[in-house]
Amino acid sequence: MGKTNLSMEQLVSYAKRRGFVFQSSEIYGGIAGFYDFGPYGAELADNIKSSWWRHFVYNNFNVVGLNSSIIQNSKLWQASGHVDTFVDPMVDCRSCKHRFRADHVAEIDTNNLTKLNEALADKSCPNCGEKNSLTEARNFQMMFKTFVGPVEDDAATTYLRPETAGGIFAQYDNVRETTRKKLPFGIAQIGKAFRNEITPGDFIFRVREFTQMELEIFTKPEEADKWFEFWKDYCLEWVKGLGISQDNLRWHEHSEEERAHYAAASTDIQYKFPFGFKELYGVANRTDHDLKSHMKVSGKDLNYFDEETGKNIVPYVIEPSVGVERLFMAVMLDAYHEEEVDGEKRIVMKFHPDLAPVKVAVLPLSKKTELSDVAKDVFKSIAGEYNVEYDETQSIGKRYRRQDEIGTPYCVTVDFESLEDQAVTVRDRDSMKQERVKMGELKSYLEGKLK
Ligand code: ATP
């Protein structure tokens, strides 16, 4: 026992049973590609976002934040190339009517329709197994279309953003001017993105609504390679710092065939999911492609005046981009442990304290009012700064187990002795060691531990 690898079925059922992830609109039969975070999942996702923001924005004097709108002028998505090229190739089965990502069925990593159709020639339907039943591959637009205002015509058409980066490029010059930043500098954004994925699946790995954490670093062209290497390492260090084991992480460099035509370099941090090593975090050197495209379509001058050389330049962009849901899954999978304690199985989520949904649980030994009154005072004395849970139901053993299963680093027990000595017992999740701490010192004791 110890570190136990969960299958996908086990992860999905664990996440539901413990209040981390529910299917969206479950009472109506759900909706494919959409999930809700339950009480503990919402905390975990928020803690991931806040860790990212602290490490990427607060830790770097040359990175600032932005919060742009989800719906933008549709010209932005024309300039970014999404209207014309944000497509995935798909095939349909004429027999069972299932729809698939063509590159997944063909088992080749390309969006080239000719190559895909060649590779698809001898494939049967992955769902019903029927031979010669697949249509030719054709492109499918992945952006969700909508209309702004009361008229549903072409002029009012726009899209839910498929990534947060577009809003960053569109505000690049306003941010640069108002913050007086010089190259290199970065703009970070956390927010929802929407993609009408042909085949959402693997739980929250591929969903149609997700949260991205994106950073665009603007740099002088000649320094782009250097900053690409720097941010690659920075991203990996942050992921490891979340407590994800190095053994489950690896780099995947994109070949020229795989990467976008404008990208000078592109690499992924892959995580070993139960269905294999797959992209967790993408890092790319996007050259001057984005700003040049926006200059062309908007007609606005987005040149940067380089005081050292007295010349105008269009900055290059380094983009590390990651989805909260994929990280969430990796964190859950890595945290799950089964141990044997006194002949019994103990399930424990060994979350980094920074990520743990509940930091401290306050547990009166019994429901008797004299104990619960003191325990509620203890709760009040530490609550407010982070998530503290109060629980007085069931036996103390069961309550410890419940907290272990949601990964609470510390349990504080109020017992009858507490009424005499004004002290409580603090139990450590991982070592299960218990320590007696004076109530008056509890707040600073826990703050020290949770740092
Ligand atoms: P994939 O090849 O898996 O479709 P992608 O290369 O299209 O991913 P990017 O456009 O580089 O992904 O998006 C950046 C990050 O956003 C990804 O590394 C991933 O963490 C996350 N992401 C992208 N699409 C989804 C999705 N449908 N569901 C959940 N997260 C996603």
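Going by amide H atoms built from the backbone, whose H comes under 5 Å of the H on residue 254, apart from near neighbours?
266, 267, 268
Compute the distance from the alpha-carbon center of region 323-392 to that of region 49-123, in whole Å.
37
Output wanted: per-residue J couplings in Hz (rounded whole) for region 276-285, from phi through Karplus 6.51 cos²θ - 1.76 cosθ + 1.60, θ = phi - 60°, x for Gly and Pro.
x, 5, 9, 4, 9, 9, x, 10, 9, 9
Which loop trypsin sites (Lys or Arg not before Pro) in region 403-447, with loop taken from DSSP, have no more than 10 other Cβ atoms within 10 angstrom of their Cβ?
Passing both the DSSP loop test and the Cβ count: 433.
Using the alpha-carbon atoms, what tilt in degrees (0 to 90, nearest 10) does helix 39-53 show relative to the longest principal axis of the chain?
With both axes taken from Cα atoms, the answer is about 60 degrees.
Express the relative contact order of region 87-141 as a whole percentage, based on alpha carbon pairs under 8 Å and six or more residues apart in sequence.
Reported as a whole number, the value is 45 percent.
Given the alpha-carbon gyration tensor of region 53-191, what are the semi-axes of its equivalent ellipsoid in whole angstrom, ordered largest first, with each equal to the square root of 5 times an eigenvalue? Walk me through the intermediate numbers first.
Numbers: eigenvalues 317, 81, 30 Å².
Computed over region 53-191, the values are 40, 20, 12 Å.
Could you pull out the chymotrypsin sites (Phe, Trp or Tyr not before Pro) across region 345-451 that fall in loop regions by DSSP (anything but H, G, I, E, B) with no more than 14 other Cβ atoms inside 10 Å?
For chymotrypsin sites (Phe, Trp or Tyr not before Pro) across region 345-451 that sit outside H, G, I, E and B with at most 14 neighbouring Cβ atoms in 10 Å, the list is empty.
Could you state, as a whole-number percent, how many of the C-alpha pairs of region 358-450 are farther apart than 24 Å?
For region 358-450, the share of Cα pairs beyond 24 Å comes to 9 percent.
Using only alpha carbon pairs under 8 Å that are at least six residues apart, calculate the relative contact order of the chain and give it in whole percent.
14
Starting from the Cα of residue 153, step 7 Å along the direction of its Cβ; do the same at residue 124; then give the gap between the two resulting points in nm.
In this crude spin-label approximation the distance works out to 5.2 nm.
Could you put 227, 52 in order of accessible surface area, largest first, with the 1.4 Å probe and the full protein assembly present? Mind showing how you got there, number by number?
Details: 227 55, 52 0 Å².
Largest accessible area first, the list is 227, 52.
Which ³J(HN,Hα) values in Hz, rounded to whole numbers, follow from the phi angles of region 420-431 under the Karplus curve 6.51 cos²θ - 1.76 cosθ + 1.60, where θ = phi - 60° and Gly and Pro get x?
Once rounded to whole Hz, the list reads 8, 9, 6, 10, 10, 9, 9, 10, 8, 4, 7, 8.
Within region 331-390, what whole-number % of the accessible surface is contributed by carbon and sulfur, with the 1.4 Å probe and all protein chains included in the calculation?
It is 46 percent, rounded to a whole number.
Rank these residues by their accessible area, most exposed first, probe 1.4 Å: 169, 305, 230.
The ordering from most to least exposed comes out as 305, 230, 169.
How large a share of the accessible area of region 113-214, in percent, is made up of carbon and sulfur atoms when the probe is 1.4 Å and the other protein chains stay in place?
44
Let me have the relative contact order for region 358-450, percent, based on Cα pairs under 8 Å that are six or more residues apart.
Once divided by the residue count of region 358-450, the mean separation gives 30 percent.
Considering only protein heavy atoms, what per residue accessible area in square angstrom results for the chain with a 1.4 angstrom probe?
So the chain comes to 49 Å² accessible per residue, rounded to a whole number.
Find, among the GluC sites (Glu not before Pro) in region 223-274, those assigned to loop by DSSP (not H, G, I, E, B) with at most 16 other beta-carbon atoms within 10 angstrom.
On the way: sites: 223, 229, 237, 253, 256, 257, 258; in loops: 256, 257, 258.
Qualifying residues, ordered by number: 256, 257, 258.
For a Förster distance of 45 Å, can you work out the FRET efficiency between the beta-carbons of residue 260 and residue 434, rounded to the nearest 0.05?
With R0 = 45 Å, the Cβ-Cβ based efficiency is 0.25.
With the crude spin-label approximation of a point 7 Å out along Cα→Cβ, what separation in nm comes out for residue 380 versus residue 298?
5.3
From the backbone phi of region 169-180, what are the Karplus-calculated ³J(HN,Hα) couplings (6.51 cos²θ - 1.76 cosθ + 1.60, θ = phi - 60°) in whole Hz, Gly and Pro given as x?
Residue by residue, region 169-180 yields 5, 5, 9, 3, 6, 4, 5, 4, 5, 6, 9, 6 Hz.
In the full protein assembly as shown, how much of residue 133 is accessible to a 1.4 Å probe, in Å² to the nearest 10?
We get 10 Å² for residue 133.
Amide H neighbours of residue 314 under 5 Å, counting only residues 5+ apart in sequence or on other chains, H built in-plane at 1.01 Å?
Counting only residues 5 or more places away or on other chains, the set is 304.
So how tilted is helix 224-241 from the main axis of the chain? Cα-based, degrees 0 to 90, rounded to 10.
Result, in degrees: 30.
At a temperature of 25 °C and a viscosity of 0.890 mPa s, determine how fast the chain diffuses translationally according to Stokes-Einstein, using the Kirkwood radius over alpha-carbon pairs as Rh; express D in µm²/s, rounded to the nearest whole number. Mind showing how you got there, number by number?
Working: Rh = 24.8 Å.
The estimated diffusion coefficient comes to 99 µm²/s.
For the cross-link pairs 226/300; 182/272; 376/398; 49/443; 376/433; 359/433, which exceed 27 Å when the distance is taken from alpha carbon to alpha carbon?
226/300; 182/272
The values are calculated or read from the model by the stated rules, or taken from the named source; none is laboratory data. Treat the numbers as computed from the prediction; the structure is a model and nothing was measured. When we count neighbours, we look across all protein chains shown, and the Cβ atoms used for this are built from the backbone with ideal geometry, even at glycine. We work out accessible area using only protein heavy atoms, side chains counted, and drop any ligands, DNA or RNA first. Shrake-Rupley method; radii C 1.70, N 1.55, O 1.52, S 1.80 Å.
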